[in-house]
1. Are any of the residues in the range 4-27 assigned to a loop (DSSP other than H, G, I, E, B), surrounded by fewer than 10 Cβ atoms within 10 Å (Cβ to Cβ), out of contact with any strand residue (DSSP E or B) (no Cβ under 6 Å at 6 or more places or on another chain) and in contact (Cβ under 8 Å) with a residue 12 or more places away in the chain?
2. Output the qualifying pairs, or none if there are none: Cβ atoms under 9 angstrom, residues six or more apart or on different chains, first residue in the range 114-138 and without any contact (Cβ under 8 Å) to a residue 12 or more places away in the chain and under 22 Å from A56 (Cβ atoms), second residue in a helix (DSSP H, G or I) and of a type outside the set (A, V, I, L, M, F, W, C).
3. Of all residues being part of a loop (DSSP other than H, G, I, E, B) and basic (K, R) in the range 28-49, which is most open to solvent (accessible area, probe 1.4 Å)? Just the residue, please.
4. So in the range 56-101, with the set limited to residues that are among the acidic types (D, E) and not in a loop (DSSP other than H, G, I, E, B), which one is farthest from P17 (Cα to Cα)?
5. Among (1) in contact (Cβ under 8 Å) with a residue 12 or more places away in the chain; (2) open to solvent by 50 Å² or more (accessible area, probe 1.4 Å); (3) under 14 Å from the mean Cα position of the chain (by Cα), there is one condition P90 misses while meeting the rest; what is its number?
6. What pairs come out if I take residues in the range 97-111 that are over 13 Å from A82 (Cβ atoms) and at pLDDT below 95 and pair them with residues that are hydroxyl-bearing (S, T, Y) and surrounded by 10 or more Cβ atoms within 10 Å (Cβ to Cβ) whose C-beta lies under 9 Å away, six or more apart or interchain?
7. Within the range 50-84, take every residue that is in contact (Cβ under 8 Å) with a residue 60 or more places away in the chain and under 19 Å from N107 (Cβ atoms) and give me the one that is most open to solvent (accessible area, probe 1.4 Å).
8. Which one of these is touching an Asp or Glu at 6+ places or on another chain (Cβ under 7 Å) and within 21 Å of I101 (Cα to Cα): S53, S18, S7, S64?
Amino acid sequence: NLIIDESGNMGFGTLTPSDEFKLDICGNVHLSGTIVSDSDRNIKDNIQRLSNSIDAIDVLHGYSYTRKDTEDKTQKHVGVIAQEVEEVYPELVFENKDTHIKSVNYNGLCAVLIECVKDLKKENQDMCSKIEGLEQKINELAKK
């Protein structure tokens, strides 16, 4: 099914595309190219670095699951739960106003994960420095 409604919104696999999106697809999508999102500094205001990402991420969990709303009820998927993401990053969750189904901006979740990796890297570097210091002290004591 393909429909373009009076607002110019296009729906594939649905006769009622959501007016919240220009393109509403019900089903799997295959792409042999690349999806990109505008992310230029020149189109952004109020830019703030994410903080405490490593603490906030504790609320999130990765899950494997099957879907109730598709034909193949045995197909395994991997992802997060929108309601969990919404607790710490409500700006990454969208709710369809007709169906009340929540969706996650996984692309935006990458920024959170980048900050978590950086926090873990810093923590790891700090621990390595402490271990080096302790090893030096042990070696000095062993020489005595």
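The values are calculated or read from the model by the stated rules, or taken from the named source; none is laboratory data. Since this is a predicted model, take the numbers as computed values, not measurements. Note that each Cβ is placed from the backbone with ideal geometry, even for glycine, and that neighbours are counted across all protein chains shown. All accessible areas refer to the heavy atoms of the entire protein, side chains included, with ligands and DNA or RNA removed. Shrake-Rupley method; radii C 1.70, N 1.55, O 1.52, S 1.80 Å.
1. yes
2. I114/S53; K118/S53
3. R49
4. Taking the candidates together, the pick is D58.
5. All conditions pass for P90, except number (1).
6. K97/S18; D98/T16; D98/S18
7. Top of the filtered list is L50.
8. On the way: S53 fails: within 21 Å of I101 (Cα to Cα); S7 fails: within 21 Å of I101 (Cα to Cα); S64 fails: touching an Asp or Glu at 6+ places or on another chain (Cβ under 7 Å).
Just a single option satisfies the conditions, and that option is S18.
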